[in-house]
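The values are calculated or read from the model by the stated rules, or taken from the named source; none is laboratory data. Being a predicted model, the structure only gives us computed values, none of them experimental. Don't worry about glycine lacking a Cβ; one is built from the backbone with ideal geometry, like all the others, and counts go over all protein chains shown. Side chains included, ligands, DNA and RNA excluded: accessible areas come from the protein's heavy atoms. Shrake-Rupley method; radii C 1.70, N 1.55, O 1.52, S 1.80 Å.
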Amino acid sequence: MGKDGTDLNSYPFLMAPGQIAALSLRNRILMAPMGDALANPDGTVSKRQLDYYEARARGGAALIIVGSVAVTYPGGAFSADQTALHTDEHIAGITELALRVQRHGARLALQLTHGGPQSLYAIETGNPLLMPAPPTYKGPDRISRTLSPQEQFAMSAPFQQPTSRVDIHIATEEELLAAIEAFAAAAERATRAGVDGVEIHGGHGYLLDSFRSPSTNTREDEWGGTRDKRDRLLLETIRSVRSRVGAHYPMWCRFNSVEHHREPHETIEDALYLATNLIEAGVDALHVSAYSDPSIATGITDAHTPHIPGALLAAAAAVRAHIKEAVPVITVGNLDDELAENALATGAADFVAMGRRLLADPELPNKLRDGVPDHVRPCIYQYRCIGNIFLNTHVACIANPLTAREGAAPPEFSRPHTTQEPEHILIIGAGPAGLDAAWRLAERGHFVTIQDAATQLGGRLSLAALADEHLSKMLNYLIGQVRRSNVELRLGQPAAAPDLEGFDRVVLATGADWSRPDIPGAENGNVLTLNDLTPWASGEMRLPDGPVAILGGGKAGLTLARLARSGGHEVTVIEETHVFAIELGLPGRFRWIADLEASGVTLLSEHRATSINQDSVTVMSGDSKIVEIESATTICTVPVTPRNDLLELLFESGAMGEVIGDAHSLERLEGAFRDAEALSSRL
Ligand SMILES: Cc1cc2nc3c(=O)[nH]c(=O)nc-3n(C[C@H](O)[C@H](O)[C@H](O)COP(=O)(O)O)c2cc1C
Ligand code: SF4
């Protein structure tokens, strides 16, 4: 039995050692390849990357796969800070990375990539963009354009430099042979760097896949025209790498099981056909992913970074059955513990790759091994991680403020790092900032009390958790962490001056005030603010029949819209800007918008409510047109202001004071977790 009496053998399949050719792996959990944009600006490995990957190796993953390592650079690369291995000068950093990973019992692999048509850094540096055929340009769809001005600016940066040039270049045979050679040379460098294996990126629209896709490869020469000819570039690359690295060096391929939102497109039959040929060409494993046309906003969440749990499992199972288990199959894509264990137990796959969950908690594999799955900090699927990559900045995580900042934490941050000067700390407010700060500070050895006027832990997160299963998991995790720590609880007690006595430090984590807009009718009986919603969200109360209008299109507004729609109401969300759920990373935001619209919710952007009436809301558009929106009930999620009315109490107490989370600035969960971590690592 493990800690908490948990059965240590809960995940026998996930924890079983495995083998990819000569590569012995301690368990079946691989870190999925994720471009991190954390390298030095010349593509060499940075200190930040060493810390980032070492944390995941220490956390128990069997194999770390570094995502998208450029085989040519700057042409063929996405950004200056993409890891590259196109020269011998890049070997030293990779060698150090391998050592940092291997010293924890994990193994290191590199995903070798040529960006082909998606090489933004080629554009930025004025290098040619290699393509199979002239592109049929489809601009981003409507939802893909719901970006803030800052996001638009960030996305356009590669096109705005003095050196920028879009030089579309249809690849000649010589250039294709040079690209194949670049893969082989990079793979050979990986062997010299002490890397344990290489994954050839044959998917996701990059060079090798752009030749596979009937949608982008319309050539009629020896590199296109039939399925075999379209697959040729990938297969020749595999053969070339195999002959360069030798028969026994672990090498495998990631490829699409299907392409979404394209006509014509790669199909699962194409993938099965390719799988057999890949094995014949010399791969030791198959990593089954998916792709989508990049112009479609929901493409990413329909494909390789799915929003539906286990979305790629069936494809992996089909491949594994088709190849009759000739080589191991790696599956990936929104896998919780049970799905991952079952994928192995039922023979859908031999290994599971996990991406986002390892960003949210690098220690996940160790925690499963130790029988404490409840201790895993959950991913909340808000997509800051991959969203950042599209904004040309580095990977980061809303749930885990230490992601990409691992070096800022104490070296062994996974273990409690105890303070030399324990303080008595009162945290006022048991919302996400307060809860996260409480257990972290207690783990650091402080004596922590958390006080809240409410009788239960969670603050506003409790309401959100009723309508969002990911936030529900986060709430349970935070409460669990607090209960497991030595934190004293004072619930059902509004803070008053005597409560602050005897504490060295008082932390205000009182969140935000959600009020009514200053417009006629806002005080009507048919108007609800977030304060009134818990009985409805928990199912104890029904909203009156009839349409619902929601003021404010942030994540809270969209979550409530989903809840109201599922209760059968006509729903309109009214947002003043043209961006909904601005606090979410891009693909997550797009997903929410698309799903809500598909469910029949009306999202009205660039409109402002001017009055609330008995059965309607009057709204005004940016160009001053007045529209009446029918509504039996109006829910206000704006305006929101930091709630720091206890500041005076704090000043008078004479204790050291801190203000964190929304009480400090309205940055929602991301700000709450960042502040909580920063406070605990400072004290
Ligand atoms: C930040 C981020 C970067 C990614 N970069 C790559 C990449 O470079 N190469 C690749 O094949 N897939 C990439 N992916 C997709 C992941 O490998 C994986 O398929 C996806 O995250 C789904 O797995 P998950 O649900 O466990 O996160 C990326 C995903 C994320 C979140
Ligand atoms: S940013 Fe969001 S989706 Fe990405 S790993 Fe973190 S919690 Fe998960």
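The table below lists the values:
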| quantity | calculated |
| --- | --- |
| Candidates E199, E174 - the one that is without any contact (Cβ under 8 Å) to a residue 12 or more places away in the chain and either in a loop (DSSP other than H, G, I, E, B) or on the phi < 0 side of the Ramachandran plot (or both) | E174 |
| Flag if E406 is under 23 Å from S681 (Cα atoms), within 16 Å of ligand 1 (Cβ to nearest atom) and at pLDDT below 95 | yes |
| Hits in the stretch 621-641 - residues which are outside any loop (DSSP other than H, G, I, E, B) and open to solvent by 50 Å² or more (accessible area, probe 1.4 Å) | I626, V627, E628, E630, T641 |
| Identity of the residue in the stretch 55-73, in contact with a strand residue (DSSP E or B) (Cβ under 9 Å, 6 or more places away or on another chain) and open to solvent by 10 Å² or more (accessible area, probe 1.4 Å), that ends up nearest to ligand 1 (Cβ to nearest atom) | S68 |
| A109 vs. criteria buried (at least 18 other Cβ atoms within 10 Å of the Cβ) and within 18 Å of R56 (Cα to Cα) | yes |
| Lone qualifier among V376, V448, V372 - being touching a helix residue (DSSP H, G or I) at 6+ places or on another chain (Cβ under 7 Å), modelled with pLDDT of 95 or more and closer than 25 Å to P498 by Cβ | V448 |
| Candidates D81, D88, filtered to the one that is acidic (D, E), surrounded by fewer than 22 Cβ atoms within 10 Å (Cβ to Cβ), more than 16 Å from ligand 2 (Cβ to nearest atom) and modelled with pLDDT of 95 or more | D88 |
| Tally of residues being touching a Ser or Thr at 6+ places or on another chain (Cβ under 7 Å) and among the aliphatic types (A, V, I, L, M) across the stretch 451-480 | 6 |
| Residues of the stretch 491-537 satisfying the condition of being part of a helix (DSSP H, G or I) and in contact (Cβ under 8 Å) with a residue 60 or more places away in the chain | A497, D499, L500, L530, T534, A537 |
| Count - residues of the stretch 20-33 that are open to solvent by 10 Å² or more (accessible area, probe 1.4 Å) and within 15 Å of ligand 1 (Cβ to nearest atom) | 2 |
| Breaking point among (1) charged (D, E, K, R); (2) within 16 Å of ligand 2 (Cβ to nearest atom); (3) open to solvent by 10 Å² or more (accessible area, probe 1.4 Å), for D36 | (3) |
| Meets criteria (more than 16 Å from ligand 2 (Cβ to nearest atom), modelled with pLDDT of 95 or more and not hydroxyl-bearing (S, T, Y)) for I300 | no |
| Filtered residues of the stretch 351-395 (kept if closer than 30 Å to A154 by Cβ, away from ligand 2 (no atom under 11 Å from the Cβ) and open to solvent by 20 Å² or more (accessible area, probe 1.4 Å)) | F390, L391, N392, T393, H394 |
| Condition check for A549: outside any loop (DSSP other than H, G, I, E, B) and modelled with pLDDT under 95 | no |
| Among residues of the stretch 351-386, those that are part of a helix (DSSP H, G or I) and more than 15 Å from ligand 1 (Cβ to nearest atom), counted | 6 |
| Hits in the stretch 314-338 - residues which are within 19 Å of the chain's Cα centre (by Cα) and away from ligand 2 (no atom under 16 Å from the Cβ) | T331 |
| Residues (surrounded by fewer than 24 Cβ atoms within 10 Å (Cβ to Cβ), of a type in the set (A, V, I, L, M, F, W, C) and within 15 Å of G116 (Cβ to Cβ)) located in the stretch 180-210 | I180, A182 |
| Criterion: assigned to a loop (DSSP other than H, G, I, E, B) and of a type outside the set (V, I, T) - qualifying residue of G67, G93, G60 | G60 |
| Some residue of the stretch 516-528 being modelled with pLDDT of 95 or more and buried (at least 23 other Cβ atoms within 10 Å of the Cβ) | no |
| Residue count for the stretch 112-139, restricted to those that are within 26 Å of A184 (Cβ to Cβ), open to solvent by 10 Å² or more (accessible area, probe 1.4 Å) and in a loop (DSSP other than H, G, I, E, B) | 3 |
| Count - residues of the stretch 643-676 that are in a strand (DSSP E or B) and buried (at least 18 other Cβ atoms within 10 Å of the Cβ) | 2 |
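Yes or no, residue by residue, for (1) polar (S, T, N, Q); (2) without any contact (Cβ under 8 Å) to a residue 12 or more places away in the chain; (3) buried (at least 22 other Cβ atoms within 10 Å of the Cβ); (4) under 23 Å from A537 (Cα atoms):
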site	(1), (2), (3), (4)
A564	no, no, yes, yes
L584	no, no, yes, yes
F590	no, no, yes, no
S605	yes, no, no, no
T610	yes, no, no, no
